[in-house]
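Only one structure is covered here, and it is reproduced in the block below.
The values are calculated or read from the model by the stated rules, or taken from the named source; none is laboratory data. In this text, all values refer to a predicted model and were calculated from it rather than measured experimentally. Note that each Cβ is placed from the backbone with ideal geometry, even for glycine, and that neighbours are counted across all protein chains shown.
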Amino acid sequence: MALPNLLRLIYRNIRVNTDPGSLIILVGLPAMYLVFFGFGFQSLAGGAGSGSYIDYLTPGIMSFQAVMAGTVGGSMLWADRRYGMLAQLLVGPFTRLQYLLGIMFTSVLFALGGAAVMMGMALVLVQVPAISAVAVLVMFAVITLGAIFFGSLMLLIAALVKSNNAYNSVQILVIFVVNFASTVFYPISSSLPAALRYLFLINPLTYIANAVRGAFTGTLTASDGIQLAVLAAETVVVLFLATRAYLRSDVTLE
């Protein structure tokens, strides 16, 4: 019964997070980044007709879906504990491990779905370069790894924080920092202050964006492989910490 239970949890998680409000945040916000930032920054650069900046931005926004999807797991765990849903699920046929796997698989599905939507939008908006099936598989594999990393990170935060205001504040801060201190919107420049450059370089979203962009443009390098190996190691560590915190946390919040 483990697999049917897991599928039921994934279905329940998807249903909970596909209301119009959630979809606006998960898909609508990145889509607006792609449209407004893409054409707005492109016009500032003097290349309104070339499509070059949107070509750069598209894989970045696809990568950002890993962060947005990661928030699903943390938000669900916090809400389920706060309103007693986790306790009710565990009284039924579901185990803690199945609940955890349900959250992780849901985050991955949302990340891949959002990335596919962003790629589809780019195909409609501009003429993107031809992308091979292998490159698409590489991009989706990298985004999957990123979704597990950020899903674990948000799960860890949700397991440790007991205040709704605190959780929302920390989540917004994490999203803001990892998004704008990464190569999602712009490359690392030597003109940046040293502290900000180091923040770019240690930001996991930078690794994801660089690898997805390399696959998108056919320019993957050995350094991208090294960054992905580092990301994989970080994902294992964060997933372990998140699982440990989750298993030790109370099923309800007072």
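Can you tell me which residue within segment 28-83, out of those that are among the hydroxyl-bearing types (Ser, Thr, Tyr) and not in a helix (DSSP H, G or I), is modelled with the highest pLDDT? Break it down into steps so the answer makes sense when it comes.
Our first condition is that a residue be among the hydroxyl-bearing types (Ser, Thr, Tyr); within segment 28-83, this holds for 33, 43, 50, 52-53, 56, 58, 63, 71, 75, 83.
Retained after the next criterion (residues that are not in a helix (DSSP H, G or I)): 50, 83.
Numbers: Ser50: 45, Tyr83: 86.
Filtering first and then ranking leaves Tyr83.
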For this session: Residues being closer than 22 Å to Phe149 by Cα and part of a loop (DSSP other than H, G, I, E, B): count how many of those fall in segment 189-220.
Result: 2
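From the set of residues in segment 161-171 that are crowded, with 16+ Cβ neighbours inside 10 Å and among the aliphatic types (A, V, I, L, M), which is farthest from the chain's Cα centre (by Cα)?
Going through segment 161-171, the residues crowded, with 16+ Cβ neighbours inside 10 Å turn out to be 161, 167, 170-171.
Those left that are additionally among the aliphatic types (A, V, I, L, M): 161, 170.
On the way: Val161: 20, Val170: 16 Å.
The selected residue is Val161.
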Problem set entry | Which listed residue, of Arg244, Arg213, is closer than 25 Å to Met76 by Cα and among the charged types (D, E, K, R) | Arg244
For this session: Name the residue, out of Met118, Met154, that is closer than 30 Å to Ser249 by Cβ and crowded, with 20+ Cβ neighbours inside 10 Å.
Result: Met154
Seminar exercise, completed: Only one of Leu137, Leu100 is in contact (Cβ under 8 Å) with a residue 12 or more places away in the chain, in a helix (DSSP H, G or I) and of a type in the set (A, V, I, L, M), namely Leu100
Problem set entry | Restricting segment 121-150 to residues that are under 18 Å from the mean Cα position of the chain (by Cα) and surrounded by fewer than 16 Cβ atoms within 10 Å (Cβ to Cβ), the residue that is farthest from Ala245 (Cα to Cα) | Val136
Problem set entry | Pairs with Cβ under 8 Å, 6+ apart, first in segment 114-134 and within 18 Å of Ser63 (Cβ to Cβ) and outside any helix (DSSP H, G or I), second modelled with pLDDT of 80 or more and hydroxyl-bearing (Ser, Thr, Tyr) | Val128/Thr58; Pro129/Thr217
